[in-house]
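The structure appears right after this line, and notes come after that.
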Amino acid sequence: MHRVRVDASKCRRCGVCTLVSACRSPGRCTGCLACYWACPHCARVLEPAEPEGEVTVLLDGAPVRVPGGVTVAAALRAAGFRFNEPGREPSLACGTGGCWSCALLIDGEPERACITPVREGMRIGTDVGSFEPRRIIHGPEPHLVGGKATPWWEVDYRRYVEAAVWAAGCNLRCPQCQNYLVTYDNVSPALTPGEAARLLAACHRLYGTGGVAISGGEPTLSRRWLVGFFRELSRLTGPKVRRHLDSNGTVLTPDYVDELVEAGCNNIGIEPKCASVEAYMRVTGLSDRELARKYLENAWRAVEYVYDRYRERVYLGVGLVYNPALVTLEEVAEAGRRVAEIGEEIQVTVLDYFPAFRRRELRRPTVGEMLRVKEVLEAQGLRTVIVQTSRGHVGPGDRRRLRP
């Protein structure tokens, strides 16, 4: 295991470690690493450490000896408890406290195993069906442009096209995360699916939007929460409203997609980001090549499955990314060919990665570079390509057309 120390020479006192990703055991690091991943200035350093003796907890009523001075998750894993794969609770999906997918019944209340310190005599229950799931949610807010799968013809830059919320927690570690203050939030109050759906539906009614959306972070990490959210959202908004999920696709298995569509999700954006494992690792910050390959291929399989099974019921969008420091035009073309092989009419949106989070040295691609990306993708046969630029989105139809 590792513990975290602060490198004072890099600390900028930005407040992220207190206002966004707060320590649950200040003065005695338990190795949860939430602050390490959240720090935008890399001022947290990992050092090898050993557990601090043992404590006794009551696990589903039975006394169990576990390591002390660590998180509940680490203690239970050392005792042989197996968390599920991300997308099936309880799982160690984000590891930073935002998604709540690792929540167990701790001393009678739902609490996150990944950031909660274990202690002597703690009562831990593993039956997650005994409590309603919850998740940290930001918003709702109205949105003029929408997300990867917002139908391009609905965007006119005058009316709000969607009401949206953003879910905290992500299983990727993108050093240029464009939304890191949401992604790494473990401080804000967590909402049940019904609470989040009611807030979003109210925003939708207030602004008269054609769609409602959830993005992140990564919304799919808490399956029970997300399915319940779409069920309640469907009840509150009616059949004509677009109910939009924006996802990185890493845990969207066919049965998960089926369950979401049955719950009323009719608009899905999936972001594999690129086509090669090498580029995917550069973009996502994953160092485990096998895990990166697994996540990337699962995202592409999810695109294929939604298109093949649900293209008459679900509007599908695919998200790719571009910055010349991370992805080459040849890799963009490879991703474009892969989308075109699935369906040439699929809407593709390309984000221009700009300086953010831990990659503040990045140079934002110019408008001309992004227009070149658009040309490269259209040369693969794709008919609906939208690129994000510093001067707005450029795409088909009436969307803004800019000169380099």
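Overview of values
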item: Any chance Arg13 is out of contact with any Cys (no Cβ under 8 Å at 6 or more places or on another chain), among the charged types (D, E, K, R), without any contact (Cβ under 8 Å) to a residue 60 or more places away in the chain and assigned by TED's automatic domain parsing to the domain that holds Gly95; result: no
item: Total residues in the stretch 281-293, condition free of Cβ contacts under 8 Å to residues at least 60 places away in the same chain and in contact with a helix residue (DSSP H, G or I) (Cβ under 8 Å, 6 or more places away or on another chain); result: 5
item: Residue match in the stretch 294-313 (condition: within 25 Å of Arg359 (Cβ to Cβ), free of Cβ contacts under 8 Å to residues at least 12 places away in the same chain and among the hydrophobic types (A, V, I, L, M, F, W, C)); result: no
item: Qualifying residue in the stretch 19-38 (condition: surrounded by fewer than 18 Cβ atoms within 10 Å (Cβ to Cβ), part of a strand (DSSP E or B) and in contact (Cβ under 8 Å) with a residue 12 or more places away in the chain); result: no
item: Residues located in the stretch 56-94, provided they are touching a residue at least 40 places away in the same chain (Cβ under 8 Å), among the hydrophobic types (A, V, I, L, M, F, W, C) and surrounded by fewer than 16 Cβ atoms within 10 Å (Cβ to Cβ); result: Leu58
item: Any hit, the stretch 29-42, residues being more than 17 Å from Tyr180 (Cα to Cα), outside the structural domain of Arg173 (by TED's automatic domain parsing) and among the polar types (S, T, N, Q); result: yes
item: The listed residue being modelled with pLDDT of 95 or more and crowded, with 21+ Cβ neighbours inside 10 Å, out of Leu206, Leu236, Leu200; result: Leu200
item: Filtered residue count, the stretch 261-280, keeping only those that are without any contact (Cβ under 8 Å) to a residue 40 or more places away in the chain and more than 29 Å from Asp352 (Cα to Cα); result: 3
item: Elements of type helices (runs of 4 or more DSSP H) in the stretch 201-285, at least 2 residues being within 27 Å of Val387 (Cα to Cα) and in contact with a strand residue (DSSP E or B) (Cβ under 9 Å, 6 or more places away or on another chain); result: 277-284
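The values are calculated or read from the model by the stated rules, or taken from the named source; none is laboratory data. Small disclaimer: the values here were computed from a predicted structure and weren't measured. Every residue, glycine among them, receives a Cβ derived from its backbone with ideal geometry; neighbour counts consider all protein chains shown.
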